[in-house]
1. Regarding Phe154, is this residue surrounded by 15 or more Cβ atoms within 10 Å (Cβ to Cβ), modelled with pLDDT of 90 or more and in contact with a Leu (Cβ under 6 Å, 6 or more places away or on another chain)?
2. Filter the stretch 49-60 for residues that are surrounded by 10 or more Cβ atoms within 10 Å (Cβ to Cβ) and of a type outside the set (Val, Ile, Thr) and give the result.
3. Which ones in the stretch 189-204 are of a type outside the set (Ser, Thr, Tyr) and surrounded by 14 or more Cβ atoms within 10 Å (Cβ to Cβ)?
4. Name the single residue, out of those in the stretch 291-308 being touching a strand residue (DSSP E or B) at 6+ places or on another chain (Cβ under 9 Å) and assigned to a loop (DSSP other than H, G, I, E, B), that is least open to solvent (accessible area, probe 1.4 Å).
5. Only one of these is more than 26 Å from Phe248 (Cα to Cα), modelled with pLDDT of 85 or more and touching a Pro at 6+ places or on another chain (Cβ under 8 Å): Phe41, Phe102. Name it.
6. Inside the stretch 177-200, can you point out the residues that are within 18 Å of Lys123 (Cα to Cα) and either polar (S, T, N, Q) or at pLDDT 90 or above (or both)?
7. Does the stretch 270-279 include one or more residues that are within 18 Å of the chain's Cα centre (by Cα) and not basic (Lys, Arg)?
Amino acid sequence: MTASPKHQMSEKERYANFLYNKEDGTYLGRSKEGWAKICLFYLVFYGMLAALVAICMWVFFQTLDPRIPKWQMDSSIIGTNPGLGFRPMPTADNAESTLIWFEGSNKTNFNKWVNNLSAFLDKYYTPGKTEKGTASIRKCSYNQPPKRGQVCDFDVRLWGECSPDKFFNYHRNAPCIFLKLNRIYGWVPEYYNDIHDLPENMPDDLKKHIASVKPEERNTIWISCEGENPADIEYLGPISYHPQVQGFPGYYYPYENSEGYLSPLVAVQFLRPVSGIVINIECKAWAKNIKHSRADRTGSVHFELLID
């Protein structure tokens, strides 16, 4: 029995015949009409699928506001207890490092900390770095808080000695550390504004400071920094706070994600820390609805200072 021509084809000829069969007029086993039908089917199928996804996404985004989070306060992951952060952040490979280590006599060494701080504070010193949109930026005070839709400006002159043109005093071994309170949308602080109702564990020097400020200035989230242990307290030495009202003014709250908003900062200057020793420092934010927890890193922040 004689083999059919197809059976006599080589492997290469069979492959070429599969790609295009002259006798049947097919491509890859299908005619032109067959390919046209299958392409039309998948075009309609995936087009409808894409339209369905687009409609679902459109409906989903109608439920969201670009500035107002859907889940707030206790319903959110962040919760209602703000944390405290510090700058400059260490640039070590270890992301968990909290050690600020520099040589005041070595400009190349301390400049990395100065540049770190300058980059973070750039938007405070340079107008227009922050998107202002339609927000109304104004000077605020305790007697003139912002109205709805307005945003308070920040006066960098209140940081006094802690300025970039003075290298934040790193060259004098009297470094400035900046503190900020983490943003929680809609959070309203409950102030310690009654000098007869201050917590027992609040540092005595902060209690004296609160008693010394004007009554209207007591609507403030207070800040205190001290050495964690008795030895750290001794090595740390005197501390200066900028601005003079030792904390975050209450007129910056609540945070509502407004365009142009800049978080208030407190500059803490350690005037005469002992050199050559690692000093453990803890700073706390004080308000009735701020709880302190080292484990959860809420309400306070820890870092170490080492000056060579």
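1. Details: surrounded by 15 or more Cβ atoms within 10 Å (Cβ to Cβ): yes; modelled with pLDDT of 90 or more: no; in contact with a Leu (Cβ under 6 Å, 6 or more places away or on another chain): yes.
The answer is no for Phe154.
2. Hits for the stretch 49-60 are Leu49, Ala50, Ala51, Leu52, Ala54, Cys56, Met57.
3. Filtering the stretch 189-204 for residues of a type outside the set (Ser, Thr, Tyr) gives 189-190, 193-204.
If the condition is that a residue be of a type outside the set (Ser, Thr, Tyr) and surrounded by 14 or more Cβ atoms within 10 Å (Cβ to Cβ), then Pro189, Asn193, Ile195, Leu198, Met202, Pro203 are the ones that fit.
4. If we filter the stretch 291-308 for residues that are touching a strand residue (DSSP E or B) at 6+ places or on another chain (Cβ under 9 Å), which is where we start, we get 291-294, 297-308.
Keeping just the survivors that are assigned to a loop (DSSP other than H, G, I, E, B) gives 291-292, 294, 297, 299, 308.
Details: Lys291: 128, His292: 66, Arg294: 153, Arg297: 156, Gly299: 0, Asp308: 80 Å².
Only one residue fits best here, namely Gly299.
5. Phe102
6. Ile177, Phe178, Leu179, Lys180, Leu181, Asn182
7. no
Residues checked against (1) touching a residue at least 60 places away in the same chain (Cβ under 8 Å); (2) closer than 14 Å to Leu181 by Cα; (3) open to solvent by less than 20 Å² (accessible area, probe 1.4 Å):
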site	(1), (2), (3)
Ala231	no, no, no
Tyr241	no, no, no
Phe248	yes, yes, yes
Ser275	yes, no, no
Asn289	yes, yes, no
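The values are calculated or read from the model by the stated rules, or taken from the named source; none is laboratory data. From a predicted model like this one, the values you see are computed outputs, not experimental measurements. In this analysis, Cβ positions are derived from the backbone assuming ideal geometry, glycine residues included, and neighbour counts consider all displayed protein chains. When the accessible area is computed, the model is the full protein with side chains, heavy atoms only, and any ligands, DNA or RNA have been set aside. Shrake-Rupley method; radii C 1.70, N 1.55, O 1.52, S 1.80 Å.
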